[in-house]
Structures are given as C-alpha cells and as structure tokens.
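K.L.:
Mind having a look at this structure? Questions to follow.
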Amino acid sequence: MNRTVTHSHRVWPAGGGEMGERIRQHDWAATPLGPVRTWPQSLKTAVDIMLASPGPVSILWGPDRIQLYNDGYIVVAAERHPAILGQPAAKSWSEAYKPFLGRVLDQVFKGDAVAIEDQEVLLLRPDGNGFEERHFAGSFSPIRDEMGAVGGVFHPLTETTARVRADAALRESERQARLLLAELQHRVRNTLWVIRSIIRRTAATSETAEDYAMHLDGRIDAFARVQAAVTRDPSAGLDLEILVAEGLLAFGAHEGERVTGITGPSVCLRPKAAGTIALVIHELATNAVKYGALSTDPGRITVEWSIDKSGDRPHLVFRWIETGVGLSGEKPSRRGFGTELIEQTLAYELEGNASLEFTPDGLHCIISLPVSEILAEPGSHHQ
C-alpha cells in the first residue's frame, strides 16, 4: 500500500505572545539579519528561549547588534516599543550607547559575560525634553554561532528604578530623621540652658519669694509658647506679629484697645531668636503693667518694625512705644532682668543693640537686629 506523507512547514517562531507575532510578521529581509529562513540555528534557538522567558529578555545579534525582545521587555522599552524591533542598538538606545551599552557589547562580543546591578542609565524622556535617570540589573552573555564565534548577546534584565528610588528615599528619610534627632537634642540642651539662665537671673533680680515665683512663672510661660510653636513645625519660622500679639494677650492687652497697633512687614524668626524676642516682649509687657502704659487708663502701646537696608547688613528695627503714662523722664537706677535682657543678652546672643528711653510720655524701646542672625529661611532647619 502506498502512503503519501504530507510535510507541513511549521511557522516559526511558535507562540511567544505579542512579540512572537511581531517577529513572525516583521520584514527581516529589510534588515541586516535577512529573511528568517537564512538565520543560523543558534539565533533561532536563542529567540525560542527568549520568547519562553517570563522576564524581560533582549537579543542583540550581529555586527550591527540588531535587537529582538520578548513580551517582558516591552515594559523596559516603554515608548520605544515596537519601533526598536529589528533596529541596531546604537539607534534604538542612542543616548545610552556611547557612555555604557556600546562598551559592554564590545566586551561581550570578545567572549566575556558581563553582569550589572542597579546600573544607572540616562535615557531621553518620552517628550524629548531632557533625560531621566533609570536603573537596571541583569546580564549580557555571548551567544556563539555554529562556528563557535560570538554571534550575538543574550540579555535578560530587570528595571530597578522604582526600588533604587525607594531605597534613596528611605536613606534620605533616615538622614532627615538623624538630623531632626540631633537638632532635637541640641534644642533640648539649649532649652535647659535658657531655663537655667532664667531661673538664675530671676533669682538674682527678685526681692521676695513671691516676686521670684511670679516673674519666673511668667518668663517660663513666654518661653514655652515659642517652644510649643517650634514643636508643631520644626522647619517653619515663627511669625513676629503673632509673637507680639500673643505676648500682649497674655497680659489681657488686645490690639485696638490698649494696643493701638502691631504693624510691620511679614517676618519669620528662627526658633532661637524667637525665644529671646518673646522674653523681651514679656519683659516690656510686664514693665508696662507695673509702671507703664498698661498701668493707667490713658496709656497706649504701639509696636512696629521695619527692615533697614541702609547699612552693610540689613537690620530688623523693632520699636515698642508707650504713650500716655506720665513718667519723670529719668532712667530708673535699678537694673532688673528685663533691662539686662534687652541691653546685654540681645547683643550677646543675636548681635543686636537696643536703647531704652524713658520719656515723660512713656517708655520707648528701639531694638536693631541683623537679619542674617534672626530670620528663618523657608524650608530649612535652624538652631
């Protein structure tokens, strides 16, 4: 009995998802690889392995390093897909070829395998506007042809950009945490130093235990208000207007009543400067309650400030003006905590200077502080 055997030509490559179909439909005759029927078996075998691989894999074949790739590689190719299929790597990845990819391929075509881990590659953005940093891990292995020569490169890889960025963000977060901890420790030490100083100075200038307790409580409260604001947002400056308003409000003095005005440009103070200035405001208000504008019905307080740029260094000029008091016009002989704070501490801690003028109508206090020593910069941490 005669048997007729029918041979069917198997379509190659079989399967392979989207990229298998694209490889089957591609006009390879128009590329340096030529028609598929002329491809060496070594290339076809490598392509079969590539298409069966679950992860991103690319093959770069021949002197022109013509690129083929599987479905997993589509994510890596991104906006370059599918245009890079059948194109020379030097064209497909032009911006990465000279600084990195070309050198690696040259090494592999000499017979060496190359592994990469989190390799940084600068690739052109999809809109063509600048470059973006991407990272990859993988390997480049030689594929030998039937003659034993290196015919191409088998290149499995994974994009690690997301992990690298996450790791970098974690390291930056840890660095910021260390900085914040160090800053917190520094501020705690500063706070304890200031409180000890307040206790010591208050004791030295108080005549009775009752006087000591009253002044100490008020001074610590004034300083604590600043520390509470710093704790809420360590990176932000403290608004001078709010500092003045809260300092006066602690004594029941409201703007528009006994306080005729609190005016000046927007000023954000560093925590250290804010702590000292809050104490100054507290001492001025305390003095006003005992002897000045808040001790008599006609008394009024005006607080204003401005930035003086006339000198070598810009200065904040702060004015506390009391009127309607009826003083002798002579400076008191006794120097208390407030006088020492205004005339000495400001100069020592903030490189400022101050004058206290006891006019017949009331106290005039003018303070000048270099901007560089007291103003906070947006988004930064200050001591």
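K.L.:
Restricting attention to the stretch 192-215, which residues are open to solvent by less than 30 Å² (accessible area, probe 1.4 Å), part of a helix (DSSP H, G or I) and either hydroxyl-bearing (Ser, Thr, Tyr) or farther than 23 Å from Phe318 by Cβ (or both)?
P.N.:
Ser197, Thr202, Thr205
K.L.:
Condition first: more than 18 Å from Ala376 (Cβ to Cβ) and surrounded by 14 or more Cβ atoms within 10 Å (Cβ to Cβ). Can you find one or more residues in the stretch 329-337 that meet it?
P.N.:
Within the stretch 329-337, one or more residues are more than 18 Å from Ala376 (Cβ to Cβ) and surrounded by 14 or more Cβ atoms within 10 Å (Cβ to Cβ).
K.L.:
To continue, here is another question. Can you list residue pairs whose Cβ atoms sit under 8 Å apart, with the first residue in the stretch 9-20 being within 19 Å of Ile74 (Cβ to Cβ) and the second being of a type in the set (D, E, K, R) and modelled with pLDDT of 95 or more? Count only pairs 6 or more apart in sequence or on different chains.
P.N.:
Pro13/Arg24; Pro13/Lys44; Pro13/Asp48; Gly16/Asp71; Gly17/Asp71; Glu18/Asp71; Met19/Asp71
K.L.:
Then there is this: Working carefully through the options Val164, Val153, find the one that is open to solvent by less than 50 Å² (accessible area, probe 1.4 Å) and in contact (Cβ under 8 Å) with a residue 60 or more places away in the chain.
P.N.:
Val153
K.L.:
Could you check the stretch 110-148 and list, in sequence order, the residues that are closer than 18 Å to Pro40 by Cβ and either hydroxyl-bearing (Ser, Thr, Tyr) or open to solvent by 50 Å² or more (accessible area, probe 1.4 Å) (or both)?
P.N.:
Within the stretch 110-148, Ser141, Arg144, Glu146, Met147 meet the criteria.
K.L.:
Considering only residues of the stretch 362-383 that are modelled with pLDDT under 90 and in contact with an Asp or Glu (Cβ under 8 Å, 6 or more places away or on another chain), which is nearest to Arg219 (Cα to Cα)?
P.N.:
Going through the qualifying residues, I end up with Gln383.
K.L.:
Let me ask another. Conditions first: (1) farther than 30 Å from Asn70 by Cβ; (2) hydroxyl-bearing (Ser, Thr, Tyr); (3) open to solvent by 70 Å² or more (accessible area, probe 1.4 Å). Thr158 passes all but one, so which condition is the exception?
P.N.:
Looking at each condition in turn, Thr158 falls short on (1).
K.L.:
Can you give me the number of residues within the stretch 56-86 that are more than 18 Å from Pro13 (Cα to Cα), touching a residue at least 40 places away in the same chain (Cβ under 8 Å) and crowded, with 18+ Cβ neighbours inside 10 Å?
P.N.:
Number of matching residues: 2.
K.L.:
OK, next. Take the residues in the stretch 348-369 that are part of a strand (DSSP E or B) and among the small types (Gly, Ala, Ser), then tell me which one is least open to solvent (accessible area, probe 1.4 Å).
P.N.:
Here the residue is Gly362.
K.L.:
Find the helices (runs of 4 or more DSSP H) located wholly in the stretch 1-103 whose residues include 1 or more that are over 28 Å from Leu122 (Cβ atoms) and either aromatic (Phe, Trp, Tyr) or more than 43 Å from the chain's Cα centre (by Cα) (or both), and list them.
P.N.:
Helices (runs of 4 or more DSSP H) meeting the threshold: 17-25, 41-52.
K.L.:
Quickly run through the stretch 265-297 and pick out the residues that are aliphatic (A, V, I, L, M) and either free of Cβ contacts under 8 Å to residues at least 24 places away in the same chain or open to solvent by 20 Å² or more (accessible area, probe 1.4 Å) (or both).
P.N.:
Val289, Leu294, listed by residue number.
K.L.:
A follow-up question, please. Can you confirm whether the stretch 296-313 contains a residue that is out of contact with any Gly (no Cβ under 6 Å at 6 or more places or on another chain) and closer than 22 Å to Asp217 by Cβ?
P.N.:
The answer is no; no qualifying residue exists.
The values are calculated or read from the model by the stated rules, or taken from the named source; none is laboratory data. Because the structure is a prediction, the values reported are computed rather than measured. With ideal geometry, Cβ positions are generated from the backbone for all residues, glycine too; neighbour counts draw on all protein chains shown. Ligands, DNA and RNA are excluded from the accessible area calculation, which covers all protein heavy atoms including side chains. Shrake-Rupley method; radii C 1.70, N 1.55, O 1.52, S 1.80 Å.
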